[in-house]
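Take a look at the structure below.
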Amino acid sequence: MNNLEKTMDYKGISFSAGVALLFVLANILTKKSLDAGWEWLMIVVSFLVVGAFMTFRAVCKSFGLAVASGVVDSLMMIFTIAIAIVVFKESLTAKQYAGLALLVIGLQLVR
């Protein structure tokens, strides 16, 4: 079976969620590091990114790049939207909610 024929179980999706969270956290800390006095956060970000890519490599090895990348990218989008809504009090349009629903449906189809 080639990698495109593989599906991702809940364990793989959970592992991918961890990878996505590492990337999202790195993005948030990078933005915070732009504030005066917070430049040192880039050291933390460096370690987070290395960890994220190493775990992403493991997911790719198990499920292939096409499946792993699609799942991790979708989860990153979902986590980013959730943080934007909860932390930054942003709102979404109906069209954006529809896109979010399609992401969730896509994740179900990959598994």
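Where a ≥ b ≥ c are the square roots of the eigenvalues of the C-alpha gyration tensor, would you call the chain rounded, which needs a/c under 1.5, or, failing that, prolate if a/b is larger than b/c, or oblate? Taking the square roots of the gyration eigenvalues as a ≥ b ≥ c, the chain is oblate. For the chain, lysine pairs with C-alpha atoms less than 28 angstrom apart, excluding pairs fewer than eight positions apart on the same chain, total 5.
On the basis of the beta-carbon distance and an R0 of 25 Å, Leu92 and Met54 show a calculated FRET efficiency of 0.15.
Heavy-atom accessible area for Ile105, with the other protein chains in place and a 1.4 Å probe, reaches approximately 90 Å². Considering only Cα atoms, the convex hull volume of the range 56-102 works out to 69 Å³ per residue.
Exposure check, 1.4 Å probe, all protein chains in place: Thr7 carries approximately 80 Å² of accessible surface.
May I ask you to order 66-77, 37-48 by the average number of other C-beta atoms within 10 Å around their residues, highest value first?
Output ranking for 66-77, 37-48: 66-77, 37-48.
Placing dummy labels 7 Å off each Cα toward the beta-carbon, the span from Lys11 to Met42 is 4.0 nm.
The values are calculated or read from the model by the stated rules, or taken from the named source; none is laboratory data. Not measured: the values here are computed from a predicted model. Positions of Cβ are backbone-derived with ideal geometry, glycine not excepted, and every protein chain shown enters the neighbour counts. What goes into the accessible areas is simple: the full protein's heavy atoms, side chains included, and nothing from ligands, DNA or RNA. Shrake-Rupley method; radii C 1.70, N 1.55, O 1.52, S 1.80 Å.
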